[in-house]
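This report refers to the structure that appears directly beneath it.
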C-alpha cells in the first residue's frame, strides 16, 4: 500500500544510521517493526513483573508438561 507522509529528514537519517538501512522505505518499515517489538517486550516485562507469569518457576508444572 502506498501512503504519502511528511517525514523529518534529520530523524530519518538518524534512524537509518541506527538501523543500518539504506532506503527510506526500508528505514520506515524497520522503525515501525522495532517500535512494535519494543511495545511487545514492554508488555511481556510488565506481565512478568506483575506476577502474572508466576507459573514459570513451577518445577512440578514443567515436569508434568514434559511427560
Among 34, 26, 52: highest mean-square fluctuation, GNM of the chain, C-alpha pairs under 10 Å
52
Crossing angle, helix 24-50 versus the chain [Cα axis fit, 0-90 degrees, rounded to tens]:
30 degrees
Fewest-first ordering of 35, 28 by Cβ atoms within 10 Å yields 35, 28
Relative to the longest principal axis of the chain, what angle (0 to 90°, nearest 10) does the C-alpha long axis of helix 9-19 take?
40 degrees
Evaluate the chain: find the radius of gyration of its Cα atoms, find its Kirkwood radius, and give the ratio Rg to Rh.
1.29
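Values in this text are rule-based calculations from the coordinates and carry no lab data. Since this is a predicted model, take the numbers as computed values, not measurements. Note: ideal-geometry Cβ built from the backbone for every residue, glycine included; neighbour counts use all protein chains shown.
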